[in-house]
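A short worksheet on the structure shown next.
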Amino acid sequence: MAKRAVLRSFGRHWLKPLTFWLLALPGLWLGWQWAMLLNGQPHALGFNPIETTHRFLGDTALRILLISLAVTPFRDITRWLPIMKVRRRIGLAAFWYALLHVAAYLGLDLLIAANMSIAGMFAGLWEDIAKRIYITLGMAAFVGLIPLAITSFNAMVRWLGARRWQRLHWAIYPIAILAVLHHGFMEKGNQPMPWIHGGILALLLGYRLVRSARNRSRPSPAAS
């Protein structure tokens with residue numbers, strides 16, 4: 001009973017702020033590295049800080065997205081219901097890191113590194129979308145995240161209704177597949193991380209398929 005009380009108190013008072021700061025840590029670390037770079041101090045951004053930055057933001061967005069998909073299985077396995085209070089917060093963090101990833105690609109890679117104008121930047125983006133499959137997949141995943149982020153607030157849940165809101169947010173599954181494929185096509189050669197991300201996503205989606213099949217096979221209360 002004492003253990004349950006401690007977990008209940010943690011979930012009520014500490015889970016949300018702790019989750020916020022854990023999700024903010026990658027961004028804070030990246031900002032600190034750029035501060036050291038601009039001050040001429042040793043940093044961890046390597047010889048190509050721009051490429052390191054938008055790859056780091058993209059990897060962070062993908063991993064947080066996978067964490068958000070792991071919340072429900074974690075709840076089911078542990079029976080710890082408070083974790084559901086931060087699921088939308090984790091999903092929103094994935095969107096913000098994805099937004100920063102796209103902004104770094106446009107602003108740092110195209111606008112600054114490639115010395116393009118604003119019009120040239122968008123023209124370059126469109127050319128990349130048309131010619132590079134990993135850009136096509138990544139932009140499709142990012143555009144798909146936008147309506148989910150916009151509707152990730154209680155007022156929008158009430159406005160849409162719980163059923164329509166849930167159906168809209170089922171789009172997170174194909175979006176996650178697109179994000180994993182984006183990362184896989186972006187990497188050169190047979191790198192391990194895309195396979196690891198793909199394996200984690202396969203497990204999370206497989207869990208949901210099995211759970212859904214079991215729920216459908218159970219007799220309804222009325223039938224019982």
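The values are calculated or read from the model by the stated rules, or taken from the named source; none is laboratory data. Since the model is a prediction, treat every value here as computed from it, not as a measurement. Cβ: placed from backbone, ideal geometry, glycine included. Neighbour counts: every protein chain shown. SASA here: full protein model, heavy atoms, side chains in, ligands and nucleic acids out. Shrake-Rupley method; radii C 1.70, N 1.55, O 1.52, S 1.80 Å.
Among the residues of segment 212-224, those that are open to solvent by 80 Å² or more (accessible area, probe 1.4 Å) and modelled with pLDDT of 75 or more comprise Arg214, Asn215, Arg216.
Against the test of being surrounded by fewer than 13 Cβ atoms within 10 Å (Cβ to Cβ), under 17 Å from the mean Cα position of the chain (by Cα) and assigned to a helix (DSSP H, G or I), the options Ile175, Ile200, Ile146, Ile135 yield a single qualifying residue, Ile146.
When segment 70-87 is filtered for residues that are of a type outside the set (A, V, I, L, M, F, W, C) and over 12 Å from Leu15 (Cα atoms), the ones remaining, listed by number, are Thr72, Pro73, Arg75, Asp76, Thr78, Arg79. Taking helices (runs of 4 or more DSSP H) as the structural unit, those lying wholly within segment 1-94 and holding at least 1 residues that are modelled with pLDDT of 90 or more correspond to 15-38, 49-78. Restricting attention to segment 99-132, the residues that are open to solvent by 50 Å² or more (accessible area, probe 1.4 Å), in a helix (DSSP H, G or I) and among the hydrophobic types (A, V, I, L, M, F, W, C) add up to 12.
Among the criteria (1) modelled with pLDDT of 90 or more; (2) closer than 26 Å to Ile129 by Cα, the one Gln191 does not fulfil is (1). Tallying residues that are closer than 27 Å to Leu137 by Cα and in contact with a helix residue (DSSP H, G or I) (Cβ under 6 Å, 6 or more places away or on another chain) within segment 71-88 yields 3.
For the criterion of being open to solvent by less than 60 Å² (accessible area, probe 1.4 Å) and either under 30 Å from Gly189 (Cα atoms) or modelled with pLDDT under 90 (or both), Ala141 passes. Among the residues of segment 126-163, the ones that are among the aromatic types (Phe, Trp, Tyr), without any contact (Cβ under 8 Å) to a residue 40 or more places away in the chain and closer than 15 Å to Tyr105 by Cα come to 1 in all. For segment 152-171, the criterion of a residue being among the polar types (S, T, N, Q), assigned to a helix (DSSP H, G or I) and within 22 Å of Phe20 (Cα to Cα) is satisfied by at least one position. Within segment 209-224, residues that are under 25 Å from Trp170 (Cβ atoms) and assigned to a helix (DSSP H, G or I) reach partners that are of a type outside the set (Ser, Thr, Tyr) and at pLDDT 75 or above with beta carbons closer than 9 Å, at six or more positions or on different chains, in the pairs Arg211/Pro73; Arg211/Asp76.
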